[in-house]
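Working notes, beginning with the structure itself.
The values are calculated or read from the model by the stated rules, or taken from the named source; none is laboratory data. Note that the coordinates shown come from a computational prediction; the quantities given were computed from them, not determined experimentally. Neighbour counts run over all protein chains shown; Cβ positions are idealised from the backbone, glycine included.
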Amino acid sequence: MRMKKIVFTAIAAFGLVVVCSASQAQQADKVYRVGMLSNWGPGPVFDALKGELARLGYVEGKNIIFEARFPEGQLDRLPGFAVELVNLGVDVIATYGGPSTNAAWKASKTVPIVAAIVADPVAVGFAATLERPGGNITGITSDDPSLGSRQLEILKQLIPNLARVAILSDSDIPGADASGLAPVERNKVAAARAAGVTPQVLKVHGPTPDLDAAFKAMASEGAEALIVLEVPVTIPVRKRIAELAAAHRMPAIFWGGASDAGGLITYGTSFTDTFAGVPSVVDKILKGAKPADVPFELITRREFVVNLKTAQALGLTIPVDLLKRADHVIE
C-alpha cells in the first residue's frame, strides 16, 4: 500500500512538472501584442515604452508586437483608433492622456489599459480608487488635489491684490459635469474662489487652438494672471502661450516640467514623470496581473522654477521667500 502511494505521488509530481513545463513553454512562445494610443505623435513616450520593455526582456518581432496609433492632435480620430486596437486583439493598451484613455475605455471594458498623463482617474470615472481601481484601467497619475491652491498662493504673493485669474484649458478632456467643467478645471476654480479670486475658464480646441482669441477674452474680462493647465492642447503650444502672456504683460504659471516654455512660474508635478513608469506596469499586466488589483502609482514630486528673465520683462519683482523656495531660478 505504501509503495502504491509512493508511486502515485511520484506520478503526480511528474505530471505537475510536465504541466508547469508546458505552461512555461507556452508562455515563452507567446507573442504579446501591445497597443499604444497617444493624443499626439510617437515622440519620447513611444521610445520610452519600447526601450524599457526591451530592457525587461521583450524582443520586438519575437515575443512582442507594438500596435501604435497617433492622431497627431486630431482627437476625434481616437475612438476609431481605439476600436482598431481592440479588434486586433491586443493584450494591453498603453494610453497617454485623458482623451486617449477615455477612447480606449469606451472601446472596451475588458482589455487591460495602462494609463498615464491622466490628472484624476477617480474623478473622471476610470477607477474606483487609486489603491483598488476595480476595472480594466490602472497606471500612473500626477493627481495633486492641492495644486490649485498652491498655485493661487504663489500668484497672490506675486500680485497681492489679485482679483481675476484666467485658466486656460482644453475643450476635449473628459469628465465634464453639468457645469461643463472637467475635474482638473473644477479644482482650479474652487482654489481661486477659496482665495477670493474670480476665475475665468477658457477652453480651446486642438490641434491648432485659437490662442489669440483666448487672450483677447482674458483681456476683456480683466484677467491679471494666467494658470495654464497641463492638458493635451496646451502641451505642444506652451511656448506660444508664454509668448502671448508676455505680450499681454500677464504673469503665467505652468505645470511642473514646463520651464522650457518661458513662462514666469513653473510649479507642480510633471507629466514626463508619469509616462516613464508605464512599461513596468505593462510588464505586470502581461505577466498576469489584473488592472483592477494594481494600484495607480502616484507621482508626488513637484518642481518649482522661477524665470527672472520673464519677471524683468513683465516689470515684476519676485519676493525673496519665493526665490528661496524655488528648485531652480532662470536668470
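Computed values, structure above
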quantity: Test: residue in the range 13-20 that is closer than 20 Å to ASP91 by Cβ, modelled with pLDDT under 90 and part of a helix (DSSP H, G or I); calculated: no
quantity: Residue within the range 174-183 that is at pLDDT 95 or above and either under 29 Å from SER108 (Cβ atoms) or under 22 Å from the mean Cα position of the chain (by Cα) (or both) present; calculated: no
quantity: Total residues in the range 278-329, condition crowded, with 16+ Cβ neighbours inside 10 Å and assigned to a strand (DSSP E or B); calculated: 6
quantity: The range 88-102, subset small (Gly, Ala, Ser) and in a helix (DSSP H, G or I), residue surrounded by the most Cβ atoms within 10 Å (Cβ to Cβ); calculated: SER100
quantity: Checklist (1) crowded, with 20+ Cβ neighbours inside 10 Å; (2) in a loop (DSSP other than H, G, I, E, B) applied to LEU85, failing item; calculated: (2)
quantity: Residue that is farthest from the chain's Cα centre (by Cα) [pool: residues in the range 291-302 that are closer than 15 Å to THR129 by Cα and of a type in the set (D, E, K, R)]; calculated: ASP293
quantity: Spans of helices (runs of 4 or more DSSP H) in the range 103-212 with at least 1 residues touching a Leu at 6+ places or on another chain (Cβ under 6 Å) and touching a residue at least 40 places away in the same chain (Cβ under 8 Å); calculated: 147-158, 183-194
quantity: From the options LEU75, LEU85, LEU53, LEU49, residue that is over 18 Å from the mean Cα position of the chain (by Cα) and either within 30 Å of PRO209 (Cα to Cα) or in the same structural domain as ILE235 (by TED's automatic domain parsing) (or both); calculated: LEU85
